[in-house]
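Visitor: Here it is: the structure, laid out below.
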């Protein structure tokens, strides 16, 4: 099997299209990619609405054994991205990155998941093509 099942640039473009806020990325990560990602891999933080109801997403974190990829709402609109390096469950470094770089790293994560899991590979193939 090829090391890179989907061209990273194509995956980044597909994930980036028409997404300017954390809520949009949250929908993609939890709904569109929900079948491909292992349960518990994506964590969403929401700003609570009236009477404690689930509100708008303010942060979404994709957790892998060695990295945590976070997108969060910026204070003045838009999206901020951060990649954390993790060793044995402890964050050893944090790096602010652009959304494009975050998406490229996430595309690598997707390729890694697809290489190891047939169901994830099928779901991603439906989404991104062969």
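The values are calculated or read from the model by the stated rules, or taken from the named source; none is laboratory data. Worth saying up front: this structure is predicted, and the values here are computed from it rather than measured. Here the Cβ positions follow ideal geometry from the backbone for every residue, glycine too, while neighbour counts run over all protein chains shown.
Visitor: Scan segment 65-80 for residues that are touching a helix residue (DSSP H, G or I) at 6+ places or on another chain (Cβ under 8 Å) and within 14 Å of residue 46 (Cα to Cα) and jot them down.
Guide: 71, 72, 73
Visitor: Listed residues 44, 61; which is over 15 Å from residue 113 (Cβ atoms), assigned to a strand (DSSP E or B) and touching a helix residue (DSSP H, G or I) at 6+ places or on another chain (Cβ under 9 Å)?
Guide: Of the residues listed, the single one that is over 15 Å from residue 113 (Cβ atoms), assigned to a strand (DSSP E or B) and touching a helix residue (DSSP H, G or I) at 6+ places or on another chain (Cβ under 9 Å) is 44.
Visitor: Additional query: Checking residue 6 against (1) at pLDDT 70 or above; (2) surrounded by 12 or more Cβ atoms within 10 Å (Cβ to Cβ); (3) not in a strand (DSSP E or B), only one condition comes out false. Which one?
Guide: Tallying (1) at pLDDT 70 or above; (2) surrounded by 12 or more Cβ atoms within 10 Å (Cβ to Cβ); (3) not in a strand (DSSP E or B), residue 6 fails exactly one: (1).
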